[in-house]
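My structure is below; once you've seen it, I'll send some questions.
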Amino acid sequence: MTQKNHLLYYSPASRWGDALPLGNGRLGAMVYGETDMERITLNDDSLWNGLSMDRNNPAYREKLPEIRKLIFDGKMHEAEVLIAQYMAGVPYSQRPYSFVGQLNMALNQKMPFAMGGREDSKECEKYEMDLDLMTGILRVDHKMDGISYHREMFISNPAQILCIRLTADTSKAIRLELKLDRVTVSDTFIEDDRRPGMKARGGGWPGTKVDFSRTVDKNTYLMAGNDSGVQFAAAFRVECDGELINPISQLTASDSSDVTIYLTCATSNRFENPKEEVLRVLDEAQKKGYQTLKEEHIKDFSSLMERCQLDLGEPAEGSIEQRLNAFREGAKDPDLAALYFQFGRYLIVSGSRPGSAPLNLQGIWNAEFMPMWDSKYTININLQMNYWLALIGNLTDLQEPLFDLLETMHEPGKKTAEVMYGMRGMVCHHNTDYYGDCAPQDIYMASTPWVTGGAWLGMHVWEQYLYTGETSILERMYPILKDMALFYQDFLIEVDGQLLTCPSVSPENRYYLPDSSDTPLCFSPAMDNQILREFFGALLEIQKLLDMDLEYGETLKSMIEKLPKDRIGSKGQLMEWHEDFSEQCPGMGHVSHLYAVYPGCSINWRDTQELMKAAEVSLKRRKAHGAGENAWPLAWYICLDARFKNGRNADEEIARMLKNSASRSLLNAGFVFQIDGNLGAAAGIAECLLQSHLGLDFLPALPTSWENGSCKGLLARGGHEIDLYWENGKLTRAVVRPKTNGVISVIGQEYVVTCKGKSVDKNKTETGFSFMGLANEEYEIKPE
């Protein structure tokens with residue numbers, strides 16, 4: 001019988017994008033589940049190709065006034081030439097995320113690793129691979145020649161260790177060869193006939209960044225190397241109930257029925273001596289033993305996963321692959337959406353923990369030395385999207401790595417502001433890396449000049465407070481937010497009483513000029529104005545909460561008043577630029593000018609109804625021209641349609657996400673893997689069920705096919721935990737558990753509120769009602 005919150009398969013993965021991810025924030029693994037020649041690709045969140053560098057281009061500072069004049073004069077192409085020459089970072093690109101290598105496991109193979117390893121595979125008599133999302137335990141069961149084999153795997157955050165246990169029901173049935181190497185297995189690479197099933201770069205065999213790969217004692221194998229200045233080490237240790245053979249080039253557990261493997265990684269970005277660190281971690285893990293490590297891991301992992309659960313009914317029978325195929329053919333299976341939601345939360349729990357780096361474009365899972373877009377941090381939507389779910393999905397403590405990154409960016413951002421702009425404060429552009437590099441990235445005119453991503457990241461600090469009520473994050477981050485504001489104060493230019501950003505772009509769109517040529521360059525696109533308006537407003541609130549810097553608040557108020565207002569265009573759409581230009585790509589995936597609808601909230605149904613309608617027109621126009629068919633743009637559209645309270649559209653979009661973007665493993669890897677699609681879509685699912693930016697709004701955009709269900713443990717602004725129950729598409733009951741004492745506002749009038757069976761007094765408001773909530777109490781809200 002198919003179990004809830006489980007990913008079940010009846011065959012191994014055949015490509016990397018279909019493999020299953022395990023992780024603990026720092027250490028990531030992708031598991032194929034093969035029975036003969038298993039390969040487990042490995043990542044360390046701190047292994048990046050190269051060290052920190054100063055890429056700031058001082059020539060830009062002198063050219064900035066000339067560039068601005070050209071833009072205001074409408075000479076965009078001349079400005080583009082100067083930006084390409086003088087704004088480009090030196091060198092033009094930041095550091096890429098890298099790849100540790102892979103653990104190779106050969107079970108009962110006649111041909112050893114040294115002779116190519118894999119022989120012709122036999123058909124298993126029985127096979128199952130199952131990932132329990134609630135515990136983070138992966139199991140692989142298969143039967144061969146009458147012998148049953150059971151493999152169990154997990155990556156412990158408390159112990160910082162990957163644990164694997166392989167058992168057989170027959171004595172001495174296991175002969176397991178193990179070794180580490182650094183051979184890329186990406187599916188975008190060409191097939192390499194020297195080693196079947198493996199792939200290599202078209203330019204040659206890339207396993208050359210290793211300077212040590214051998215056993216270091218009777219049961220420990222160590223691989224170490226240098227990735228352009230970053231030292232790294234990976235090691236595993238083997239225990240078995242049979243004979244352990246050590247030919248130095250590998251380890252082999254022979255004549256065994258029980259084999260345990262412990263594996264870990266480390267880099268010089270985090271430890272002075274990575275080799276010593278991995279051996280220390282292995283020693284500690286071995287002392288604890290497998291069972292203790294497993295119990296410790298389950299307690300840690302499940303405590304996070306159990307905070308929030310979505311139930312849409314019983315899952316359909318079959319493997320995930322079978323269920324997805326049936327769903328694509330028209331079968332009903334609402335549980336797939338619930339599974340997708342919980343898988344998004346699983347990816348955050350597995351990929352983002354206090355002390356780890358934040359989730360990059362691929363989370364922590366990457367099998368290439370030069371991945372797409374370098375698998376860095378893209379901050380014109382992607383990094384932010386990675387963390388939308390952490391708030392409403394009740395994982396606020398796992399957003400901590402994002403704040404750590406902002407702190408890392410602070411000093412580099414101050415230097416970029418000074419060297420490249422001659423301005424105060426700090427600035428970043430549309431990308432950063434592990435080292436917080438804030439200089440411009442690439443020479444791509446539709447992205448490179450953009451400077452408003454820092455304020456967008458700053459809004460995550462404010463949202464963290466809104467969801468938790470903890471002022472400590474505001475105290476910690478205010479100096480950084482203040483420096484961001486100081487930069488924008490210097491950067492904004494006053495023209496005819498308005499403060500304008502220049503140069504800028506509306507990421508990553510282009511428009512037609514009067515001469516029919518196109519350009520992305522502009523001044524003050526809608527997104528800039530929206531982000532800065534909300535960012536400055538949040539800073540004002542932070543100053544009041546902390547009772548500090550109130551004098552500077554007057555400056556912020558003045559800047560807010562002078563920012564250009566949102567306007568409606570000739571087609572009824574929300575205007576993206578300062579003029580009603582025609583888009584060069586009307587099917588562009590980015591909908592940057594809808595920031596204020598979501599993830600912002602300054603355009604909403606209560607305060608700005610006309611702008612909200614215009615924003616809805618903008619999204620309809622994008623979709624009419626083919627946008628939003630898959631991946632992260634579609635994920636963003638789910639969130640937007642949730643804010644538009646359009647459950648029918650959201651339902652169709654969630655289904656499209658599963659049909660068009662989900663690989664066999666549910667990863668957003670239909671074309672190229674980016675984790676933002678998974679996490680953004682899961683955030684959109686939650687937004688369909690609960691919104692709290694204007695007060696508690698229950699089931700504001702319930703997907704139309706979800707007739708019956710429940711969701712427990714969603715988090716609302718104010719720190720309230722919310723449980724929701726519905727039947728026939730209508731709310732039957734909501735439960736509110738406040739974190740602190742205070743007034744709780746609810747959208748809608750027709751509700752009865754009780755606490756411990758007693759009626760609670762309500763006060764009528766413009767959009768619903770409010771009541772006084774007490775911390776640690778439970779309030780039941782039902783329709784009258």
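The values are calculated or read from the model by the stated rules, or taken from the named source; none is laboratory data. Computed from a prediction, not measured in an experiment: that's the story for all the values here. Note that we place each Cβ from the backbone using ideal geometry, even for glycine, and neighbour counts take in every protein chain shown. Only protein heavy atoms, including side chains, enter the accessible area calculation; ligands, DNA and RNA are left aside. Shrake-Rupley method; radii C 1.70, N 1.55, O 1.52, S 1.80 Å.
Taking the criterion of being modelled with pLDDT under 95 and small (Gly, Ala, Ser), would at least one residue in segment 194-201 satisfy it?
Checked against the condition, which is being modelled with pLDDT under 95 and small (Gly, Ala, Ser), segment 194-201 yields at least one hit.
Mind checking which pairs have a first residue in segment 468-494 that is over 12 Å from GLY458 (Cβ atoms) and a second that is open to solvent by less than 50 Å² (accessible area, probe 1.4 Å) and assigned to a helix (DSSP H, G or I), Cβ under 6 Å, 6 or more apart or different chains?
THR468/THR396
Sticking with this structure for a sec: With the checklist (1) more than 28 Å from ARG175 (Cα to Cα); (2) not in a strand (DSSP E or B) in hand, flag the one item ALA285 doesn't pass.
Condition (1) is where ALA285 drops out.
A further question follows. Say whether the condition of being closer than 18 Å to ASP18 by Cα and in contact (Cβ under 8 Å) with a residue 12 or more places away in the chain is met by at least one residue in segment 304-318.
yes
Among (1) assigned to a helix (DSSP H, G or I); (2) under 25 Å from TYR32 (Cα atoms); (3) at pLDDT 95 or above, there is one condition TRP373 misses while meeting the rest; what is its number?
Only one criterion in (1) assigned to a helix (DSSP H, G or I); (2) under 25 Å from TYR32 (Cα atoms); (3) at pLDDT 95 or above is unmet by TRP373, namely (3).
Taking segment 69-110, which residues are in contact (Cβ under 8 Å) with a residue 12 or more places away in the chain and under 30 Å from CYS124 (Cα atoms)?
GLY101, GLN102, LEU103, ASN104, MET105, ALA106, LEU107, ASN108, GLN109
Another question about this same structure. Would a scan of segment 331-347 turn up a residue that is closer than 25 Å to VAL100 by Cβ, at pLDDT 95 or above, in a loop (DSSP other than H, G, I, E, B) and in contact with a Leu (Cβ under 7 Å, 6 or more places away or on another chain)?
No, because not a single residue in segment 331-347 is closer than 25 Å to VAL100 by Cβ, at pLDDT 95 or above, in a loop (DSSP other than H, G, I, E, B) and in contact with a Leu (Cβ under 7 Å, 6 or more places away or on another chain).
Same structure, new question: Sort out for me the strands (runs of 3 or more DSSP E) sitting completely within segment 208-272 that have 3 or more residues that are open to solvent by less than 10 Å² (accessible area, probe 1.4 Å) and small (Gly, Ala, Ser).
It comes to 230-240.
Test THR292 against the criterion of being over 22 Å from LEU166 (Cα atoms) and either surrounded by fewer than 20 Cβ atoms within 10 Å (Cβ to Cβ) or in contact with a Phe, Trp or Tyr (Cβ under 9 Å, 6 or more places away or on another chain) (or both), and give yes or no.
no
Listed here are the residues, each with its yes/no results for (1) within 27 Å of MET657 (Cβ to Cβ); (2) touching a Leu at 6+ places or on another chain (Cβ under 8 Å).
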position	(1), (2)
GLY569	no, no
GLU579	no, no
HIS593	yes, yes
ASP607	no, no
GLY628	yes, yes
ARG643	yes, no
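Under the condition of being farther than 12 Å from ALA631 by Cβ and more than 17 Å from the chain's Cα centre (by Cα), which residue from segment 659-676 is least open to solvent (accessible area, probe 1.4 Å)?
ARG664
Sticking with this one: Return the residues of segment 326-344 that are surrounded by fewer than 16 Cβ atoms within 10 Å (Cβ to Cβ) and farther than 22 Å from ILE675 by Cα; say none if nothing qualifies.
Residues satisfying the conditions are GLU329, GLY330, ALA331, LYS332.
Further, regarding this structure: Does segment 567-588 contain any residue that is surrounded by fewer than 19 Cβ atoms within 10 Å (Cβ to Cβ), free of Cβ contacts under 8 Å to residues at least 12 places away in the same chain, small (Gly, Ala, Ser) and assigned to a loop (DSSP other than H, G, I, E, B)?
Within segment 567-588, one or more residues are surrounded by fewer than 19 Cβ atoms within 10 Å (Cβ to Cβ), free of Cβ contacts under 8 Å to residues at least 12 places away in the same chain, small (Gly, Ala, Ser) and assigned to a loop (DSSP other than H, G, I, E, B).
In addition: With the checklist (1) free of Cβ contacts under 8 Å to residues at least 60 places away in the same chain; (2) in a helix (DSSP H, G or I) in hand, flag the one item ALA417 doesn't pass.
ALA417 satisfies all of (1) free of Cβ contacts under 8 Å to residues at least 60 places away in the same chain; (2) in a helix (DSSP H, G or I) except (1).
Name the residues in segment 741-784 that are part of a loop (DSSP other than H, G, I, E, B), closer than 25 Å to GLU727 by Cα and of a type in the set (Gly, Ala, Ser), would you?
GLY748, GLY757
From the list GLU541, GLU534, which residue is open to solvent by less than 50 Å² (accessible area, probe 1.4 Å), at pLDDT 95 or above and within 30 Å of the chain's Cα centre (by Cα)?
Going through GLU541, GLU534 in turn, the sole match is GLU534.
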